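Only one structure is covered here, and it is reproduced in the block below.
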Amino acid sequence: MGLDDEQAAVATDAIKQLALDSGATVVGIAAAGAFNEYVPEGHRPTDFLPGAQSVVVAGSLGPSNAAWQSPNRRLMEITGYDFRENVASLVVAEHIETAHGYQAIQAPALPTSGQHPPMSMMLAAVLSGLGTRSIAANIILNPTYGLLYYAAAITTMPLVPDHQLEDNVCPARSCVKMYEMEGKTPCMAVCPADEGGCIDATIEGGEISSSYFNRERCSTRAMNFGIRGHIKQVELLTAADDIEEAKAVLHSDDFRRNLAAIGRYKESVAQCFECMRVCPVGRYRRNLK
Ligand code: SF4
Ligand code: SF4
């Protein structure tokens, strides 16, 4: 027997609270069918769970607020990303199956080849009302927290979906003012496409009228460790002329970092946060004693 509206509302609230109690900073619900308008077959919730009705999206902060202010830039690479949003999405999926008897799976959010994941967590975050796309590397900005990391559970359970945000989070008001005076926003100034960086945009009437993001260039700066880096290291290793050269590769900092990135998924999330470091959205939260 299905849920009536009141039962669905009560269950939705309880599931959201469970996600928050399990480590999520924010949680939202998207209707599974809402994806159809934006992505082709093969990338929709129903492609992974036939009969899917809802997508529960969990977002969490990565590094702590103080990490953003550390004088050691590398701190952001090697601490703070601990998958709380993934834990929350798994707890939610298990709860839906055991407590409500509906099917639920974790959404496939990591790329299996290339750079694109089977299902976009960026789109999931937008459709569930948790944020909007920004000029800076297309990152989804939450109006309260700015940059968050997202995971989701897909379920056949009919839950009450949230609305998409009515107002774009980006550009922030202060960014519009800066753009009007200098022709750039903070993220454009720190990584300008016309000076070897990755970001460019135009703003009209306080809204983004065009934007440009050089993903390939960004990934060579921000995504150096992980499987691709490891392959490069193995190439170096196999091309070594003698045992001493091979040992030099094997014991290098890069070799260790790539293995750490693969084994523990540390150091592989990003090695550049500069566009987000200067973004004003949610930055006031970093001002602590
Ligand atoms: S992550 Fe770094 S390289 Fe990529 S767009 Fe932002 S500032 Fe530029
Ligand atoms: S710095 Fe301003 S323009 Fe850039 S992403 Fe943040 S809000 Fe948007």
Report, ordered by chain and residue number, the lysines lying within cross-link reach of K247, taken as a straight Cα distance under 23 Å and ignoring same-chain residues fewer than 8 apart. K232
Neighbour net charge for P50 - beta-carbon separation under 15 angstrom, K R +1, D E -1: -1
Compute the signed sum of charges (Lys and Arg +1, Asp and Glu -1) over the other residues within less than 12 Å, Cβ to Cβ, of N168. -1
About its Cα centre, the chain carries a charge dipole, from +1 on Lys and Arg Cβ atoms and -1 on Asp and Glu Cβ atoms, whose size in debye to the nearest 20 is 940
Treat every Asp and Glu Cβ in the stretch 145-253 as -1 and every Lys and Arg Cβ as +1, leave all other atoms uncharged, and give the resulting dipole magnitude about the Cα centre to the nearest 20 debye. 220
At 7 Å along Cα-to-Cβ for each site, give me the label-to-label distance between Q69 and D13 in nm. 3.7
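With +1 on each Lys and Arg Cβ and -1 on each Asp and Glu Cβ, how big is the dipole of the stretch 224-264 about its Cα centre, in debye rounded to the nearest 20? Intermediate values should be presented prior to the final figure.
Values: 6 positive and 7 negative charges, 83 e Å.
Dipole of the stretch 224-264, to the nearest 20 debye: 400 debye.
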Distance (nanometres) between label positions extended 7 Å along Cα→Cβ at E195 and E244: 4.4
Charge dipole (the chain, unit charges on Cβ, about Cα centre) - positive-most of V234, T156, T46: V234
Cβ under 14 Å from R283's Cβ, R283 left aside: what net charge do those residues give with Lys, Arg +1 and Asp, Glu -1? +3
Would you look at the GNM of the chain, springs on alpha carbons closer than 10 Å, and say which of A270, A14, A52 moves the most? A14
So if I take the centroid of the Cα atoms in the stretch 84-108 and the same for the stretch 237-251, what is the distance between those two points in Å? 46
For the stretch 224-264, the Cα gyration tensor yields equivalent-ellipsoid semi-axes (√(5λ), largest first, whole Å) of 19, 10, 6
Could you check which residue among V92, V176, V57 shows the biggest mean-square fluctuation in a GNM of the chain with a 10 Å Cα cutoff? V176
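Laboratory data are not the source of any read-out in this text; all were calculated from the coordinates shown. No experiment lies behind these values; they were computed from the predicted model shown. In this analysis, Cβ positions are derived from the backbone assuming ideal geometry, glycine residues included, and neighbour counts consider all displayed protein chains.
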